[in-house]
Amino acid sequence: MSKVKPAPLPPDTVIGGYRIVRKLAAGGFGVVYLAVDTEGQQVAVKEYLPSSLASRGPGELLPQVQPEKLSLYRLGFKSFFEEGRALAQISHASVVSVLNFFRENETVYMVMNFLEGASLQEFIITAREQKKQKVFRESTIRSLYDEVFRGLRIVHQHKMLHLDIKPANIFVTDDNRSVLIDFGAAREVLSKEGNFIRPMYTPGFAAPEMYRRDSSMGPWTDIYAIGACIYASMQGYPPNDAPQRLEKDRLSLALSRLRGVYSDNLIEVVEWCMSLDPLSRPQSVFALQKELSRETERSYTKLTVAEKMRLQFDNIVSDNKKSLRKSTNAGTKFR
């Protein structure tokens with residue numbers, strides 16, 4: 001029997017001077033609301049409320065935390081608060097703007113600018129359903145991720161990591177800006193420190209080192225996720241998750257099917273970003289930007305007839321295997 005999730009704050013609740021309009025989204029570590037400030041401007045308010053540590057009944061304001069989980073709850077509370085403070089110091093069009101952060105109701109709230117548009121994940125699903133040879137044009141991918149790189153580079157310069165980059169956390173606004181949202185610092189702290197919390201990494205986008213408690217993470221960890229996002233923007237689906245790749249790595253085979261559709265340069269960059277060995281990846285966003293800026297060296301390698309036949313055979317075998325394990329691997333597919 002699954003645990004009941006904490007109830008969101010009811011509409012018209014006022015916290016820190018912001019009036020809650022409605023719940024926008026909820027995950028394992030918090031709830032995001034649409035709210036309005038004292039001047040009637042719309043904002044997004046994110047509440048720290050880890051469902052594995054806290055409960056809350058309908059209409060209540062205060063989270064209830066069992067005594068044995070209180071120290072871990074407070075650890076995540078501190079990490080969430082520090083994340084808000086750090087993000088408030090960053091002013092960049094491609095990083096979600098934190099306007100305010102405050103403590104109330106024995107938890108923390110982060111106030112952000114309200115973005116109108118859709119997540120990259122929604123765009124990928126829509127494009128994929130059109131069943132075209134390309135999910136996105138290469139020029140679209142390069143333009144979109146160039147903005148993401150600029151934002152992520154600023155984040156890393158502030159000694160921060162995102163730790164949960166995936167298409168669902170890249171927001172494309174109505175005025176065509178790409179914005180990084182929903183940073184994962186609190187999730188990472190709780191996953192590493194707590195026995196109560198199952199790591200909530202998104203299959204396909206989490207780097208191998210995120211699955212190990214004793215591993216060190218850095219810009220290269222976010223860069224792996226960026227490579228996986230570009231892969232999804234090319235293929236329409238996430239890559240295999242890191243544990244599967246460690247057993248049998250099919251990344252090169254999957255990317256080889258895109259030769260002639262996307263440039264060799266873009267394919268090679270994805271493979272570089274998604275190296276299983278952290279030291280074999282780009283060690284900074286700048287190095288990644290530099291490689292992708294080599295416009296004059298962009299070329300397309302066509303598949304030979306023999307290669308096309310082999311890939312068609314591999315596709316049939318792969319599709320048969322996918323249908324057999326579809327129910328067990330549902331978590332790796334976009335819904």
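Amide H contacts of residue 99: 111, 112, 113, each under 5 Å away and 5 or more positions distant or on a separate chain (H built 1.01 Å from N in the peptide plane; Pro and chain starts excluded).
Average projection, convex hull of the Cα set of the range 57-191: 10.5 square nanometres. A straight chain from residue 174 to residue 291 at 0.36 nm per residue would run longer than the Cα-Cα distance by 39.2 nm.
Roughly what would the spin-label model give for residue 19 and residue 68, points 7 Å off Cα along C-beta, in nm? The two pseudo-label positions are separated by 4.4 nm.
Protection proxy ranking of 224-232, 269-277, 134-142, 43-51, by the mean of other Cβ atoms within 10 Å over each peptide's residues and highest first, is 224-232, 43-51, 269-277, 134-142.
Past 25 Å, Cα to Cα, is the threshold; run 5/46; 78/159; 159/248; 23/166 against it and keep the listed order. Violating the 25 Å Cα-Cα cut-off are 159/248. Whole-Hz Karplus values for the range 175-182 come out as 9, 6, 9, 9, 10, 6, 10, 6 Hz, taken residue by residue from phi with 6.51 cos²θ - 1.76 cosθ + 1.60 and θ = phi - 60°; glycine and proline positions read x.
Computing FRET efficiency as 1/(1 + (r/R0)^6) for residue 268 and residue 60, where r is the C-beta to C-beta distance and R0 is 51 Å, gives about 0.45. If you model the range 117-302 as an ellipsoid using its alpha carbon gyration tensor, with each semi-axis the square root of five times an eigenvalue, the axes come out at 25, 18, 17 Å, biggest first.
Computed on the Cα trace of the range 87-144, the radius of gyration divided by the Kirkwood hydrodynamic radius gives Rg/Rh = 1.18. Taken one residue at a time, the phi angles of the range 50-55 give Karplus couplings (6.51, -1.76, 1.60, θ = phi - 60°) of x, 5, 7, 10, 10, 10 Hz. Gly and Pro are set to x. In units of the rule-of-thumb radius 2.2 N^0.38 Å, the range 16-113 shows an alpha carbon radius of gyration of 1.08.
Note on residue 131 and residue 90: their simple-model spin labels are 4.0 nm apart, each label 7 Å out from Cα toward Cβ.
Extension gain for residue 113-residue 276 works out to 55.1 nm (0.36 nm per residue, less the C-alpha to C-alpha distance).
Each reported figure results from applying straightforward, stated rules to the coordinates on display, with no laboratory input. Quantities reported herein were computed from a predicted structural model and do not represent experimental measurements. Backbone-built Cβ (ideal geometry, glycine too); neighbour counts: all protein chains shown.
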